[in-house]
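Below is one structure, written out as structure tokens; comments come after it.
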Amino acid sequence: MSTVHVSFDQKAYDVKINNTAHTQIGSEILAVWSLRKIALLTDSHVGPLYLTATQQQLEAAGFDVLPLQVPAGEQSKSLTVAGELIAKMAAAGFTRGDGLIALGGGVIGDLGGVVASLYMRGISFIQIATSLTAQVDSSVGGKTAVNLGNTKNIAGTFYQPDLVLVDSTYLDTLTDRDLVEGYGEVVKTSALDSQEFFDFTGTIQSTQDIRAHAQKLSQLAIAYKAKIVMHDEKESGQRQYLNFGHTIGHAIELLAHGNLRHGEAVAIGMIAMTERMAREDVSSDDLTNALKVRLEAVGLPTSSNLIGTPEFFDHLINDKKNRGGVLNLVALKKIGDPVIIQKKLADMPTFIK
């Protein structure tokens, strides 16, 4: 087992990476929480696979479990669904001494974090990450959010969990597409981190390689993200580096109306941003090609005709990196050397074309 310790001024927790964690849930939770009511939140994809076994382990450890299941997909990341979950917890008599466990991928982690942060102004929260996206990225660092209409992650909180469990055996039940979209975030992190990590992603040539090396990929990605967020919990400085590929990616993800997964959109966003930054001598064509090789090796898309449409620029206005009409764009000067480039929204059409 590998453990990454995440520590802030007023909060600390462990991310435990272990391919047997799914068999030790009761004891792992009991090690950090006293006996209490637990809202066990999952979705319609993960629930049929893991909800019953997880609930049984928690109840065997002495916890009182309220299972909660929402439809799978981004449509469940809404204030309406969050309100419905809060109402169910209130009806079940949950108090501030109780807790919520998010059993699922990025959507469930985000939704669960929002609900936990809002219920009675905050109850305990734990994540059991079952997708590669959640395991390597979204479960660590405390960013939670829901969508509002066509605006992604516009309502949310910074809310740190008490524990994160990462078990690569959960990935066995993911489709190749669901697995590979999470790998987009791995390539992003490797490029931000170091030549050594980037070289390792260069050895990944198939979905089978991702599955075979999932635990090491998680360890490396989580270690980098933990280092970044511990220095900048609320995204006022270097935590913005983690948005590499996301400004363009979020816009086209929304415009695709479900036809692009998050990691697929981020992959496209990384290439689009690096190509344009190469034109301005911030990045290089060699870097663009190196990223493209890693993404295309596992079938991730690297281009989209949604970039540059009028609707695309409309979405940039609501981007969280918009500061008074100026976007903080993340670029790579070279591997392991990210930089923030400021662009006025008014200048983005020229930059993007």
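The values are calculated or read from the model by the stated rules, or taken from the named source; none is laboratory data. From a predicted model like this one, the values you see are computed outputs, not experimental measurements. Every residue, glycine among them, receives a Cβ derived from its backbone with ideal geometry; neighbour counts consider all protein chains shown.
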Just for the stretch 301-310: of the residues that are more than 22 Å from the chain's Cα centre (by Cα) and exposed (fewer than 13 other Cβ atoms within 10 Å of the Cβ), which one is modelled with the lowest pLDDT? Pro310
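Matching residues to (1) among the aromatic types (Phe, Trp, Tyr); (2) within 17 Å of Asp43 (Cβ to Cβ); (3) touching a Gly at 6+ places or on another chain (Cβ under 7 Å); (4) surrounded by 15 or more Cβ atoms within 10 Å (Cβ to Cβ):
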{"position": "Ala82", "(1), (2), (3), (4)": "no, yes, no, yes"}
{"position": "Leu85", "(1), (2), (3), (4)": "no, yes, no, yes"}
{"position": "Ser117", "(1), (2), (3), (4)": "no, no, no, yes"}
{"position": "Gly122", "(1), (2), (3), (4)": "no, no, no, no"}
Count - residues of the stretch 317-327 that are surrounded by 18 or more Cβ atoms within 10 Å (Cβ to Cβ) and modelled with pLDDT of 85 or more: 1
Residues (over 22 Å from Ser27 (Cβ atoms) and either at pLDDT 95 or above or not acidic (Asp, Glu) (or both)) located in the stretch 128-139: Ser131, Leu132, Thr133, Val136, Ser138
Return the only residue of Asp167, Asp172, Asp176 being touching a helix residue (DSSP H, G or I) at 6+ places or on another chain (Cβ under 7 Å), among the acidic types (Asp, Glu) and surrounded by fewer than 23 Cβ atoms within 10 Å (Cβ to Cβ). Asp176
Looking at this structure, is Val15 assigned by TED's automatic domain parsing to the domain that holds Ala116, at negative phi and part of a loop (DSSP other than H, G, I, E, B)? no
Breaking point among (1) part of a helix (DSSP H, G or I); (2) free of Cβ contacts under 8 Å to residues at least 40 places away in the same chain; (3) more than 14 Å from the chain's Cα centre (by Cα); (4) closer than 15 Å to Leu40 by Cα, for Gly109: (3)
Checking the structure you have, find out if any residue of the stretch 99-107 is modelled with pLDDT of 95 or more, over 30 Å from Thr189 (Cα atoms) and not hydroxyl-bearing (Ser, Thr, Tyr). yes
Residue in the stretch 65-77 that is closer than 20 Å to Ala145 by Cα, at pLDDT 95 or above and assigned to a helix (DSSP H, G or I) present: yes
Looking for something touching a strand residue (DSSP E or B) at 6+ places or on another chain (Cβ under 7 Å) and surrounded by fewer than 21 Cβ atoms within 10 Å (Cβ to Cβ) - is there at least one such residue anywhere in the stretch 248-263? no
Would you check if there is a residue in the stretch 338-353 being under 21 Å from Asn150 (Cβ atoms), without any contact (Cβ under 8 Å) to a residue 40 or more places away in the chain and out of contact with any strand residue (DSSP E or B) (no Cβ under 9 Å at 6 or more places or on another chain)? no
Screening Ser117, Ser34, Ser27 for residues that are assigned to a loop (DSSP other than H, G, I, E, B) and of a type in the set (Ser, Thr, Tyr) leaves only Ser34
For Gly104, indicate whether it is touching a residue at least 12 places away in the same chain (Cβ under 8 Å), at positive phi and crowded, with 19+ Cβ neighbours inside 10 Å. yes
List every residue pair whose Cβ atoms lie under 8 Å apart, where the two residues are 6 or more positions apart in sequence or sit on different chains, the first residue falls within the stretch 1-20 and is under 18 Å from Ala134 (Cβ atoms), and the second residue, located anywhere, is of a type in the set (Gly, Ala, Ser) and in a strand (DSSP E or B). Val6/Ala12; Lys16/Ser2; Ile17/Ser2; Asn18/Ser2
Any residue in the stretch 241-267 that's more than 18 Å from Pro310 (Cα to Cα) and in contact (Cβ under 8 Å) with a residue 60 or more places away in the chain: show its pairings with residues that are among the aromatic types (Phe, Trp, Tyr) and assigned to a loop (DSSP other than H, G, I, E, B) at Cβ separation under 9 Å, as long as the two are six or more apart or on different chains. Val266/Phe244
